[in-house]
Amino acid sequence: MTTSNKPVVAINDIGSAEDFLAAIEGTIRNFNDGDLVSGVIVQVDRDEVLVDVGYKTEGVIPSRELSIRNDVDPNELVKVGENIEALVLQKEDKEGRLILSKKRAQYEKAWGEIEGKKERDEVVTGTVIEVVKGGLIVDIGLRGFLPASLVEMRRVRDLSPYIGKTVEARIIELDKNRNNVVLSRRAYLEQTQSESRTTFLNQLQRDRFVPVLFHQSLTSVHSLILAALMDLFTFLNFHGSTSIIHQKLLKLAMK
C-alpha cells in the first residue's frame, strides 16, 4: 500500500479559524473620520480615484474632492503609482467604501501655512483660477478671494485677463470657521511703491543725483521728463529751498 509523503496541514498547525482571521485583520489599518492617511493611487477614472491605503478595500476619492479647482479632469491632477495624502471623510459609505479627500488634506495643511504668514505679515503668492461676482479666486493652497477693488491701485472693469496669472497679495482677513480668506493685491502694490519711494529718496539724499529710470509702464520721453524734473528737484534740495516749486516737485516725484 502506497502512502503519500506530502505533509498534511491541519487547522491546529496555525491555530483556530478565529485566530487565522484575527491575524488577517491585524494587517488591516483602522481609520476614523478626519484622519490623515497616505496611500498609492491604483486607478484613475473620470468620476473617482482609487487609492491603496492598507485598508480592506481601496479608498475612494470622488473627483470633486481632488482639487479646489472646479471641473478639472482627474487625469490632469494625479497619476497611477503616485503617492498622495488624503483626509478620511467617511469610514464606510453605504457600499462599505472608505471615502477620502485630497482637497481637504491640502486645505488643512495650507491653513497652517497661511495662518503663519498672516502672523508674520508676509506676502502670499498664488494663481488666479476663477472670476466670480465681485472679484477673483486665487489658489494659495486654498481658495483666497481677491475683491475687484483690491486687484490694482484703481478698480479694474474686466478681470478675465487675470485668469492663469500668478499674483502676489497681502492677507487682510482670515477666518477658518467661516472658511474665509480675503486678499489685497493693492496693499502689496502700495507697500512695494512705498518701499521704492523710500529707497529713491534715501539715494537722493545720499548721492545728490538721480539716474534716469526706465519703467515698463513709461515711455522713454516720460522717463526723460521725469529725470529732468528730478535733476531740478535735486538742485533745489541741495540749496535748502523751501519754495512752493520745491514742494510741488516733491509731490511729482512721489507720484
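All of the numbers you see were taken from the coordinates with simple rules; none came from a lab. Just so we're clear, the structure is a prediction, and the values are computed from it rather than from any experiment. Positions of Cβ are backbone-derived with ideal geometry, glycine not excepted, and every protein chain shown enters the neighbour counts.
Can you list residue pairs whose Cβ atoms sit under 8 Å apart, with the first residue in region 132-159 being at negative phi and free of Cβ contacts under 8 Å to residues at least 24 places away in the same chain and the second being of a type outside the set (A, V, I, L, M, F, W, C) and in a loop (DSSP other than H, G, I, E, B)? Count only pairs 6 or more apart in sequence or on different chains.
Within 8 Å, the pairs are A148/G134; A148/R155.
Out of (1) touching a helix residue (DSSP H, G or I) at 6+ places or on another chain (Cβ under 7 Å); (2) of a type in the set (D, E, K, R); (3) farther than 19 Å from G34 by Cβ, what's the single condition that is false for K103?
That leaves (3) as the condition not met.
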